[in-house]
Each structure stands twice: as C-alpha cells, then as structure tokens.
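The values are calculated or read from the model by the stated rules, or taken from the named source; none is laboratory data. These figures come from a predicted structure and were not determined experimentally. FYI the Cβ positions are ideal-geometry reconstructions off the backbone, even for glycines, and counts take in every protein chain you see. Only protein heavy atoms, including side chains, enter the accessible area calculation; ligands, DNA and RNA are left aside. Shrake-Rupley method; radii C 1.70, N 1.55, O 1.52, S 1.80 Å.
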2 protein chains.
Amino acid sequence: MGAKEFDVVAIGNAIVDVIARADDGFLAAQGIDKGVMTLIDEARATALYAAMGPAIESSGGSAANTIAGLANLGAATGYIGVVAEDDLGAIFRHDITALGVHFPTAPVAAGPATARCLIVVTPDAQRSMNTFLGACADLSVAHLDPALLAAAKVVYLEGYLWDRPTAKAAFLEACRLTHAAGGKIALSLSDPFCVDRHRESFRALIADEVDILFANTDELTALHETDDLEAAITATREWVDIAAVTRGPDGAVIVAGDTRAEIAAQPVPRIIDTTGAGDLFAAGFLRAYTQNLDLATCGRYGAIAAAEVISHFGARPESDLAELVAAAPAA
Amino acid sequence: MGAKEFDVVAIGNAIVDVIARADDGFLAAQGIDKGVMTLIDEARATALYAAMGPAIESSGGSAANTIAGLANLGAATGYIGVVAEDDLGAIFRHDITALGVHFPTAPVAAGPATARCLIVVTPDAQRSMNTFLGACADLSVAHLDPALLAAAKVVYLEGYLWDRPTAKAAFLEACRLTHAAGGKIALSLSDPFCVDRHRESFRALIADEVDILFANTDELTALHETDDLEAAITATREWVDIAAVTRGPDGAVIVAGDTRAEIAAQPVPRIIDTTGAGDLFAAGFLRAYTQNLDLATCGRYGAIAAAEVISHFGARPESDLAELVAAAPAA
C-alpha cells in the first residue's frame, strides 16, 4: 500500500459500555434477546439500568473497539463518531485519545446524552447488548473529515451505522471519498439482526463498495438467507476482495479470490466475556493487512487479539497486543 | 446485639474510581506518592486524567466499598454520602442501590461534580490514589439521618472524612446519635498520611468515641508514632473494645481486651489490584461481628472478602462473598 499517513480510520457509534453480570433468568424477565444487540430508547435504558446489578463502565462501540485494538498494536489510527458534552462523552474521548487515536469529531453541546450500551454478561460469557444511541444519532456527512479519509489505507465502517438514514448517507459518502483517494473500504456486518433489518441494501453495498468484509457465521448466513456456510462464503467471494469469517471457537476462514486460509482459534484459559471478540479480530487482521502481511498472518493476528479481549471483562484490550503477536509462533 | 433494622450504616466520601494501569515511571513523572491517597483539586484532576491511559470506571469510596461488601454478604445496610446530579453521581447511586443498600442522601444540583478517584495500578498490584472530592465536600450534619443511625447495630466511619471540618462535625454528631441509641461506632483509619494529618484529634476521637478500630500496620504505627507494631497494638487496646490490624500478606491481628486472634491471609492465585483490600476486610469482619460470631471468625470472613477484591480490578466484590465464606473451612 502507498504512503498514507493513517493505517485505518473508523467511523462508528461512539458508545460507553455499562457491563453487569446476570443469569439467564434476568434476560428472560427483562425480555432481552441473548447474544445480540438490541436498540432501546432512553426510557427503556433507564428502566433496564435500574433493574441491573452493580456495573463497571468502559469505553466501547464496535468500530471504536477495533480502532483501540489497532492503536494498541501500533497502527496509526483515526476515529469519527459523536458524543455529547457529558461525563460519559469525556470518558469516551479520554480513552480513545489516550491510545493516540486521532479523534477530530467535536462533542454535541445540546440534545441527547452520550450513547450507552447496557451489557448483560451471563455465566456462559455471552454478552447481550442493549444500546441507547443518544448523541450517535447526530452523525452525518457533516462529520466526515475528507482529508482524514483520504489519508487512510483502510476506512473501517460498522454495520450498526446502517440503522440510521443520516449515518447511512455519511457511510456512502465515506466510501466515495476513500475510493477516490485510493483507499480500501472495510465493513463489519455487526450483528445478524442488523443484517436481517437491512439485507437487500447490505448486499448492494457489499457488492458495490466493500473491499474487505468481516462477518461471523450467523451474520454471513443471514446475509445470504442460507444455512449453508460454505455456500454463503462462495457467494461472498464474488463480491469482495477479502472476506474474513469468524466462527467462534472454530476459528476463522479467510477467502480472497482463489486463496483460502483456515485459522485456528487462539486457546484461552477461561472465557470471561465475549464482548468485542469480532471487533478485536478485525483489529488484528487489519494490523497485519496494512503491513502487507499474508492472509494467514492477518488471521493469526486477529485470533490473538480476539483471544485477549474475551479473557476479561470489557471490549478493549488490557494487554500489549503488539507483544502478544510478536511472541506467537508463525502460522 | 439487639433487634436493630440495619446491621451497618456507613458515612463516607461517595466516589467513582477511574482505574488505569501504568508503570513506576509514570508515577515518578507525575509526582504521585505510591500506595497512598492524595487529595487533588479539579485542575490537577483534569491534568492527571489527560496524562493517564485508557481507564475503566467503577464505584468506589472507602466506606461505600465496605458497605457494598456487607450487602453482598447479606447484611442489611445503609449509606450516607454526597454525589452531584451528573453521570458519575448516577453511576454511584445505581451501583450501591442495586445491592439493596438504603441510600437516602439526595444529590446536590449545583456546585462541584461528583467525586472521582484517579487510581494508577502499577505492575506490582499497588494502587496510588488521587482524589478530587468535588460534591463530597458538601457533607455536613444536615445529611445525617438520625432515625437511620439509631437503627444501626454499627455505624462505620472512614478516616478520610476527618479531612474536612463540616464532615468532622457530622462525624462527631453521628457518634453521639449512635451511642445514644445503643449502637457501636467503627472507624477505619484510611491511610497513614491521613493519620499524620490528624494524629492528635484521631487519638482523642478513638479513645472517646470509637468501639471498633480498623487499621493497617502503617496507619497504626503512624497513630502511635512508633516503629514497634506490638507497642502500637498494646496502646490501642486500652482505647477501644476491638482493634483489627491488617498486615497485608502477613494476615491480621485482632485484639479485644485480653483476647487476641491471629488471622492468616487468604491465599490468592494472582494479586491484580490491591484497591479495596482494607475496605473489604472490614466488610467481612463486620458481617461476622453483627452475627455475634467469635473474633477469629470475624477475621476469617475479613480475610476471605479482602482476598476476593484483590484478585481483580476494582474495589467492589465481583463474586458472591456469602458463598465464599460459607465454603471456607472453619478456623
């Protein structure tokens, strides 16, 4: 890749996670769908928070987690996303800029509060996410920084943005600006229900604009409305340069044209909280990709970063990922 | 003990912890005293936060941590402390009330923000605390709830309150109200520097008002201006009914009149963050004490609760402490 100032710039929902443990009975009593992300309004956020046990707060947001992982790995990174001028907005800004991420988006003074995601972690380490988007709903074409996008090797977008028309317009404009400057567009499908909500437009987007697609098994099969993962992979490789498909404990499959790499999952002594697994896989993958490393190494970096984040609470890495990937044996 | 509605009611600084890892070089560069609590103003809090790495937020406050531990252990608990009407204040209130703690203190609408403690955890698991007291400075006699104090078997006070004259007055009035209702006063000395700041008045307070004293080795020897721990313990037992002295990995000594119990530290596979160790020792101790259990059992419960909290980040327990003490073999 050429001499771009930034390895990866992401556009996403700027969210603070509020993480509490609970059992399956709590999910049932609250009508929470396990393992997925549900959008909630402010009233529901207030009621659900009141019902939740003691929590910890930690910066989150899917694409922001990926950028945090990339910064931890030593990549030059930028982020575009909207917070409010409140305590949680200050926390989000602190945590991402403390990693050296360039974050030019100004906070919004009036209007809804900074987004929060109420995450319930069950004893099986599954996370069920309930997101009040708040200030994120403000994201529009006006927040794009054309010079920043033009300076990125890869612009990374989270599928969750596709839920709102103004963000969707920003998304498409970001694709245009990035490709005009010779950069690549990466997309994470985010969530099978997000895919269900937007299947037709996602298919068109992926075929027309996306160069690198990240999806897990549920998301990819939802995209193609099939139970056959291999058929879904075969269909996807026609649309994108690279597709990275994560399969939880079964590792990942990466396809690029006629090339295929199978990546084993990195062993974890004890899985504590799977929040951020996909986000960090993408981080590891893109770190290797923007260093022009081969697909197997991209997948291995992804597996190592994902393993770190599921071994503790929270969706941001707590260890030096650059050390972890350097210490791992070659594929 | 009589039929009181509450086992323990605490009065303390209502604080949200902001916890980040750093190395000793960061402490040196920032001029932070290792292992102790330093009071900072808002400007310093802003500058230090800007210099810190990514953090997680978790409710804290010394006496509040103790009450959280007691509630986790099944005790009937109350808490008095002041937060502001902001995001961090809402987090503090949520986390303590979610445990079933009665928390009648109204938030302050105008004035300083909710208190925060910027905690730097070094690789040796030591925590260095930098506290901006903010809204806590509002605590006064007006916040005392005489009916609540009268309904408590034990009223627990943190030494940190002694740093401010209005809180000090509230502290003394709480002692008067509690003793008038036949309750006991427990005090935690909090910090050796806090003891240094107030040595003479602490001595008078302990001799005149305190029934149960919690201190670690550094605090107790600072109180008596001696290097001889045994001499400090001997002097202290003249002043209080019970003194519980924690010695880190060397366990604890409890003295009550002519009775003495030596408590071994509970083994921990890996110490991650010592924040809250003393607070949780007091929680376990008081859980057993308010159930009229013997001193050795009080100490054992304390050691088990302290071991849990130092095995993860944050000063509040993440496991079911009642299960842990029930599963432990008798002393």
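A few comments on the model shown:
- Exactly one residue among A:THR97, A:THR77, A:THR131 is within 26 Å of A:ARG21 (Cβ to Cβ), of a type in the set (Ser, Thr, Tyr) and out of contact with any Pro (no Cβ under 9 Å at 6 or more places or on another chain), and that residue is A:THR131.
- For the stretch A:88-102, a residue qualifies if it is within 13 Å of chain B (Cβ to nearest Cβ), surrounded by fewer than 23 Cβ atoms within 10 Å (Cβ to Cβ), in contact with a helix residue (DSSP H, G or I) (Cβ under 9 Å, 6 or more places away or on another chain) and not β-branched (Val, Ile, Thr), and the qualifying residues are A:GLY89, A:ALA90, A:HIS94, A:ALA98, A:LEU99, A:GLY100.
- Any hit, the stretch B:118-135, residues being touching a strand residue (DSSP E or B) at 6+ places or on another chain (Cβ under 9 Å), within 12 Å of chain A (Cβ to nearest Cβ) and polar (S, T, N, Q): no
- Pairing residues of the stretch A:313-329 that are hydrophobic (A, V, I, L, M, F, W, C) with residues that are open to solvent by less than 30 Å² (accessible area, probe 1.4 Å) and assigned to a loop (DSSP other than H, G, I, E, B), at Cβ distances under 6 Å and at least 6 apart in sequence or on separate chains, gives A:PHE313/A:ASP273; A:ALA315/A:GLY60; A:ALA315/A:THR275; A:ALA315/A:GLY276; A:LEU321/A:LEU73; A:ALA322/A:LEU73.
- Against the list (1) more than 9 Å from chain B (Cβ to nearest Cβ); (2) among the basic types (Lys, Arg); (3) touching a residue at least 24 places away in the same chain (Cβ under 8 Å), the condition A:ARG21 fails is (1).
- Which listed residue, of A:ALA235, A:ALA222, is in contact with a His (Cβ under 6 Å, 6 or more places away or on another chain) and either part of a helix (DSSP H, G or I) or not acidic (Asp, Glu) (or both): A:ALA235
- Strands (runs of 3 or more DSSP E) completely within the stretch B:101-175 that count 2 or more residues being out of contact with any Phe, Trp or Tyr (no Cβ under 7 Å at 6 or more places or on another chain) and within 20 Å of B:ILE185 (Cα to Cα): B:152-158
- When the residues of the stretch B:109-125 are filtered to those that are farther than 21 Å from B:VAL309 by Cβ and either modelled with pLDDT of 95 or more or not hydrophobic (A, V, I, L, M, F, W, C) (or both), the one that is surrounded by the most Cβ atoms within 10 Å (Cβ to Cβ) is B:THR114.
- Of the helices (runs of 4 or more DSSP H) lying entirely inside the stretch B:241-331, those carrying at least 3 residues that are open to solvent by 20 Å² or more (accessible area, probe 1.4 Å) and out of contact with any Ser or Thr (no Cβ under 8 Å at 6 or more places or on another chain) are B:295-309, B:321-327.
- Within the stretch B:52-71, the set of residues being facing chain A (nearest Cβ under 9 Å) and not in a loop (DSSP other than H, G, I, E, B) comprises B:ILE56, B:GLU57, B:SER58, B:SER59, B:ALA68.
- Residue in the stretch A:180-200 that is touching a Leu at 6+ places or on another chain (Cβ under 9 Å), of a type in the set (Lys, Arg) and assigned to a loop (DSSP other than H, G, I, E, B) present: no
- Criterion applied to B:GLY69, B:GLY61, B:GLY12, B:GLY35 was being in contact (Cβ under 8 Å) with a residue 40 or more places away in the chain, buried (at least 24 other Cβ atoms within 10 Å of the Cβ) and more than 19 Å from B:THR105 (Cα to Cα), and the one residue passing it is B:GLY69.
- Any hit, the stretch B:40-47, residues being of a type outside the set (A, V, I, L, M, F, W, C), surrounded by 20 or more Cβ atoms within 10 Å (Cβ to Cβ) and assigned to a helix (DSSP H, G or I): no
- The single condition among (1) away from chain B (no Cβ under 14 Å); (2) aliphatic (A, V, I, L, M); (3) touching a Gly at 6+ places or on another chain (Cβ under 9 Å) that A:ALA106 does not meet is (3).
- Scan of the stretch A:200-209 for residues that are open to solvent by 10 Å² or more (accessible area, probe 1.4 Å) and out of contact with any His (no Cβ under 9 Å at 6 or more places or on another chain), ordered by number: A:GLU200, A:SER201, A:ALA204, A:ALA207, A:ASP208
- Among residues of the stretch B:153-171 that are on the phi < 0 side of the Ramachandran plot, those with a Cβ under 6 angstrom from a residue that is of a type in the set (Lys, Arg), sequence gap 6+ or separate chain, pair up as B:LYS153/B:LYS4; B:VAL154/B:LYS184; B:TRP162/B:LYS168.
- Search result, residues across the stretch B:77-87 that are assigned to a loop (DSSP other than H, G, I, E, B), open to solvent by less than 10 Å² (accessible area, probe 1.4 Å) and within 14 Å of chain A (Cβ to nearest Cβ): B:VAL83
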